[in-house]
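Read the structure below first, then the notes.
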2 protein chains.
Amino acid sequence: MMTSEKLANIIRGRGYKLTPQRRAVLRVIARSRDHLTPGAIYERVRKEHPGIGLVTVYRMLELLADLNLTCRVHTEDGCRSYLMRRPSGHHHHIMCTSCGRVVDFTKCDLSELQQRVSEKSGFKIEGHLLQFNGLCQECREKTGAGGPFRTGKVW
Amino acid sequence: MMTSEKLANIIRGRGYKLTPQRRAVLRVIARSRDHLTPGAIYERVRKEHPGIGLVTVYRMLELLADLNLTCRVHTEDGCRSYLMRRPSGHHHHIMCTSCGRVVDFTKCDLSELQQRVSEKSGFKIEGHLLQFNGLCQECREKTGAGGPFRTGKVW
DNA sequence: TATTAATTGAAAAAGATTTTCAATTAACTC
DNA sequence: GAGTTAATTGAAAATCTTTTTCAATTAATA
């Protein structure tokens, strides 16, 4: 688990100054289980740190992305939605389309598929993007939706 | 292969009017092997149909998306990039990160993985997003990059 | 405590997307 | 082919989102 303190140390360790504004942004993202847009982060940060500028939030998000400390979540309307990187290595997301909660999973053996796709297409494959979407347990209970396994909508 | 004529018939068949502007947008997207942003589509369409409004392009893109005739490609900077849906059913993309070319593939057996992920997470999984990224053969030859198979950058 | 380079925030600029509304036109009827 | 009608168009304005600029502030170090 990446505490906001650990993150702070990483930031400082890399030679960046640790300002109250940065701390506030860190806390907000680190604490959230959902993916948040820059605007949403700004709104939340303002509660603990009124007067912070939206620019500062954008700059912090850029910094975190550069340091590879955040992930992007892929939603249907756009992909400007951030999430603290929880497993630090290779991993993927399962996103709840109802509440936005994101859960991670690490084991994804796509190598066979990748090999086949590479051979057929002639591409040198450099990376992949894999994300599952669905309803988390909680939202499922709320809405009374059916069992956990169903193949349906495809992005 | 979805010709621009077939697409035109679908549009008309669903009760939408087929205007010269719509035809022009259709031609541009249907003809391209790359994914195009609304702005790029606008630029191209203007060459055959000067005077078309950017709004019209946006509206056409919305219509095509509603009719499920386009796909979205997921890029690192944002996902407002469209592509004619070529296999009409379930499929995925391999995108060239250099030239933007997109190639499709249909066989993706994720059911085992999906089953496991669903059980572990408690999610009712409704869909998935899978895309490979890399260098197409042509770009590979241009830049002299290595063989086709490499596991690297992960989105 | 003084120094210094990084950081901040207001404001403006730049972009992207959506809304509004009067004028135009594709599709249909006769 | 002309008339009717509802859908479509495009200019302009309104909204949002993101980036740039620059003077003032401040964290980190000595």
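The values are calculated or read from the model by the stated rules, or taken from the named source; none is laboratory data. These numbers were taken from a predicted model, which means no experiment stands behind them. FYI the Cβ positions are ideal-geometry reconstructions off the backbone, even for glycines, and counts take in every protein chain you see. Each accessible area value is taken on the protein alone, full model and side chains, heavy atoms only, with ligands, DNA and RNA left out. Shrake-Rupley method; radii C 1.70, N 1.55, O 1.52, S 1.80 Å.
At a glance:
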| read-out | value |
| --- | --- |
| Rounded accessible area per residue of chain A, 1.4 Å, Å² | 51 |
| Accessible surface ranking that places the most exposed of A:R31, A:R12 first, with a 1.4 angstrom probe | A:R31, A:R12 |
| Loss of accessible area when B meets A, both sides summed, Å² nearest 100, probe 1.4 Å | 4900 |
| Shape of chain A, Cα gyration tensor, a/c cut at 1.5 | oblate |
| Calculated [θ] (222 nm, deg cm²/dmol) that DSSP helices of n ≥ 4 give over the protein assembly as shown, each run adding -39,500 (n - 2.57) | -12500 deg cm²/dmol |
| Carbon plus sulfur fraction of accessible area for chain B, probe 1.4 Å, in percent | 49 |
| Shape category assigned to the stretch A:1-86 from the gyration tensor of Cα positions, a/c cut at 1.5 | oblate |
| Residues of the stretch A:124-141 buried by at least 30 Å² on assembly (accessible area, 1.4 Å probe, chain alone as reference) | A:K124, A:I125, A:E126, A:G127, A:H128, A:L129, A:L130, A:Q131, A:F132, A:N133, A:L135 |
| Amide H partners (placed H, <5 Å) of B:E126, local residues excluded | A:N133, A:G134, A:L135 |
| 30 Å Cα cut-off, lysine pairs counted over chain A (separation 8 or more, or different chains) | 12 |
| Label-point separation in nm, B:L63 to A:L67, each point 7 Å along Cα→Cβ | 4.9 |
| Accessible-area value, A:V117, 1.4 Å probe, nucleic acids and ligands omitted, Å² | 10 |
